[in-house]
1. For region 1-50, enumerate the residues that are among the small types (Gly, Ala, Ser) and closer than 28 Å to His101 by Cβ.
2. Does region 16-34 hold any residues that are out of contact with any Lys or Arg (no Cβ under 8 Å at 6 or more places or on another chain) and surrounded by 12 or more Cβ atoms within 10 Å (Cβ to Cβ), and which are they?
3. When you check Ile78 against the structure, is it in a helix (DSSP H, G or I) and surrounded by 15 or more Cβ atoms within 10 Å (Cβ to Cβ), yes or no?
4. So is Arg134 in contact with a Gly (Cβ under 9 Å, 6 or more places away or on another chain) and among the charged types (D, E, K, R) or not?
5. Filtering region 81-113 down to residues that are of a type in the set (Lys, Arg) and in contact with a Lys or Arg (Cβ under 9 Å, 6 or more places away or on another chain), which residue is surrounded by the fewest Cβ atoms within 10 Å (Cβ to Cβ)?
6. From Leu157, Leu150, which residue is touching a helix residue (DSSP H, G or I) at 6+ places or on another chain (Cβ under 6 Å) and either of a type in the set (A, V, I, L, M) or farther than 25 Å from Leu7 by Cβ (or both)?
7. Glu168 versus (1) in contact (Cβ under 8 Å) with a residue 12 or more places away in the chain; (2) within 19 Å of Pro89 (Cα to Cα): which is the lone unmet condition?
8. Scan region 65-79 and report the pairs whose first residue is closer than 13 Å to Ile144 by Cα and whose second residue is in a helix (DSSP H, G or I), with Cβ atoms within less than 6 Å and a gap of 6+ or a chain change.
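Every read-out reported here was derived from the displayed coordinates using simple, explicitly stated rules and does not represent laboratory data. These numbers were taken from a predicted model, which means no experiment stands behind them. Reconstructed Cβ throughout: ideal geometry from the backbone, glycine too, with neighbour counts over all protein chains shown.
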Amino acid sequence: MDAIKNLLTRNSISKLTEPYPSMDEMKLVYKAALRAPDHAWLRPSEFIEVTGKGLDKLSKIFTDYIKDTNDDLNDLIIQKYKNAPYRAPMIIVLITNIKEHPKVPALEQMLSTATAAQNILLALNALNYGAIWRTGKVSLNNEISKYFNLDKNSKILGYIYVGTPSMEPKKIPEINIDDFVTKWK
């Protein structure tokens, strides 16, 4: 796929089914991810690829986490988190392993993983798969990493749900770039 066309047509797809990318296709996706900007070559980005029975494990993590960290729970909320991993046949957990560095703060390392996530989304789009990056209560906090048995320096930035689109992509609205760009001349 043409690079500019890929950038302009990438769209979040929430309804996903099998098939999901092959092992060889995912190698390309991860190579693209690891081309993200990375100050001082720290390599902060890590990924957990979840498929098959792994979705059951992720479901248990989500359910245990939400039960342990929420006082205001009901069966509907618990069921929502239990079922969340089954919305796609593959999920990529986005992790930043923050390293101490005098010139590269933690936020910059997390931004590196965020750009790796964008590269993943673009690579999947180029391979004709659908994907959506999800966050919510099970990411972007200091507690969830423990449920994955990650060290204290690891932060989960979200989850990329991956598969074959089972819906028509939503229409991408026209954007007036003048609403977002200021030019200094």
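1. Selection gives Ala32, Ala33, Ala36, Ala40, Ser45.
2. Across region 16-34, the qualifying residues are Thr17, Tyr20, Pro21, Glu25, Met26, Leu28, Val29, Tyr30, Ala32, Ala33.
3. So Ile78 passes the test.
4. The answer is yes for Arg134.
5. Step by step, filter region 81-113, then rank; the result is Lys99.
6. Selected residue: Leu157, the only one of Leu157, Leu150 that is touching a helix residue (DSSP H, G or I) at 6+ places or on another chain (Cβ under 6 Å) and either of a type in the set (A, V, I, L, M) or farther than 25 Å from Leu7 by Cβ (or both).
7. Status for Glu168: all satisfied but (1).
8. Sorted first by the residue in region 65-79, then by its partner, the pairs are Tyr65/Ile144; Tyr65/Tyr147; Ile66/Tyr81.
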